[in-house]
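For reference, the structure discussed in these notes is given below.
The values are calculated or read from the model by the stated rules, or taken from the named source; none is laboratory data. Not measured: the values here are computed from a predicted model. Don't worry about glycine lacking a Cβ; one is built from the backbone with ideal geometry, like all the others, and counts go over all protein chains shown.
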């Protein structure tokens, strides 16, 4: 499975906790940015022969099953620029013909244009296509355009339904706007709606967090991403932490209560920070955690294709000037290192877990022997649950899993 990610690095205002690559007050460059992304996309298209950093000729022919537009704030693209981006991408990549839109497996080249439904919309025919949206920019026109373009999944940056909590970290929307945006998306009948929530906001209590959860669950949200707030170096929040930040112990308690509540409401805790109703797990992110391949477009975007990992520089101006020459590094992992990395990622999947038989089949028994030894040792220590050849995180270790992952990697 291969996935396509496009990074949109624009925000109206940088939130105090955010360390993602995003830039406020640069929205005047959105039009030129979309064109830059399309120029970068062209270099990975089946019709384009590119030289890698070793000077070897290679032809990449990616066929993508999921699309994810993230940020930043992708909804700042507005209807026109989103349409330009999606129509442009459809000219460069082969995508499976699943659903409306005709046969999209046609050769891509000069003058190729995908089939379009009678209503004039464009369908990628993807298994899943997600766009991140902030409530304050979720206009009816933008959401309708996203639906018409074939997006079937919306991820809202809600973070909290407490106005005080939102203000405490510099969010510019209100709880009322978030609820209204979700209702708009539901009326348009998107297949799935996800919402992000933060645990550990200044002054947060179980009462305020539970109210946010109760409202979202009551609205029928199919997916929830729940993140514990962390003070990332260089962020405004880390530089000036408020005195009412919940302690680590309180965060852990709030997370455990959240897990219990969502489990009772029918949401499976399928990944460390993600809960979903059955059948609504995020396919795009599952591909990451299963060690699958993906292409990332835009500054700071990372990729894993053809056995290589590479990442673009986090520099918007340089990207706008030359979007096809921004690869910061390329690395090719050995089979042993790749097996360890995939083992670590699969342990994030709390129900699915890591199957060592499958790992050995994929990478070779010699390359996973040491990994299995480390897993067995941690199982004896009570850090992992083992069922035959399958390993899963012990539930009490979910929020303290980083040392476990480091041991899996052999660090």
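For the stretch 323-332, the criterion of being crowded, with 19+ Cβ neighbours inside 10 Å and either in the same structural domain as residue 216 (by TED's automatic domain parsing) or in contact (Cβ under 8 Å) with a residue 24 or more places away in the chain (or both) is met by at least one residue. Among the conditions (1) modelled with pLDDT under 95; (2) under 22 Å from residue 40 (Cβ atoms); (3) touching a strand residue (DSSP E or B) at 6+ places or on another chain (Cβ under 8 Å); (4) part of a helix (DSSP H, G or I), residue 124 misses just one, which is (4).
One residue is enough: does the stretch 274-288 have a residue meeting the conditions touching a residue at least 60 places away in the same chain (Cβ under 8 Å), over 17 Å from the mean Cα position of the chain (by Cα), in a helix (DSSP H, G or I) and surrounded by 18 or more Cβ atoms within 10 Å (Cβ to Cβ)? There is no residue in the stretch 274-288 that is touching a residue at least 60 places away in the same chain (Cβ under 8 Å), over 17 Å from the mean Cα position of the chain (by Cα), in a helix (DSSP H, G or I) and surrounded by 18 or more Cβ atoms within 10 Å (Cβ to Cβ).
Every listed requirement among (1) over 21 Å from the mean Cα position of the chain (by Cα); (2) under 23 Å from residue 70 (Cβ atoms) is met by residue 232 save one, (1). Just one residue in the set 112, 92 is crowded, with 16+ Cβ neighbours inside 10 Å, in a loop (DSSP other than H, G, I, E, B) and modelled with pLDDT under 95; that residue is 92. The sole residue among 392, 346, 380, 374 that is touching a helix residue (DSSP H, G or I) at 6+ places or on another chain (Cβ under 9 Å) and surrounded by fewer than 20 Cβ atoms within 10 Å (Cβ to Cβ) is 374. Among the conditions (1) surrounded by fewer than 20 Cβ atoms within 10 Å (Cβ to Cβ); (2) touching a helix residue (DSSP H, G or I) at 6+ places or on another chain (Cβ under 6 Å), residue 179 misses just one, which is (2).
For the stretch 253-263, state whether one or more residues are farther than 21 Å from residue 128 by Cα, crowded, with 18+ Cβ neighbours inside 10 Å and at pLDDT below 95. Scanning the stretch 253-263 turns up no residue that is farther than 21 Å from residue 128 by Cα, crowded, with 18+ Cβ neighbours inside 10 Å and at pLDDT below 95. Taken over the stretch 206-234, the criterion of being outside any helix (DSSP H, G or I) and either within 20 Å of residue 264 (Cα to Cα) or modelled with pLDDT of 95 or more (or both) is satisfied by 220, 221, 222, 223, 224, 225, 226, 227. Within the stretch 215-250, the set of residues being in contact with a strand residue (DSSP E or B) (Cβ under 6 Å, 6 or more places away or on another chain) and crowded, with 19+ Cβ neighbours inside 10 Å comprises 216, 221, 222, 223, 224, 225, 226. Could you tell me whether residue 296 is part of a loop (DSSP other than H, G, I, E, B) and either modelled with pLDDT of 95 or more or surrounded by 18 or more Cβ atoms within 10 Å (Cβ to Cβ) (or both)? In short, no.
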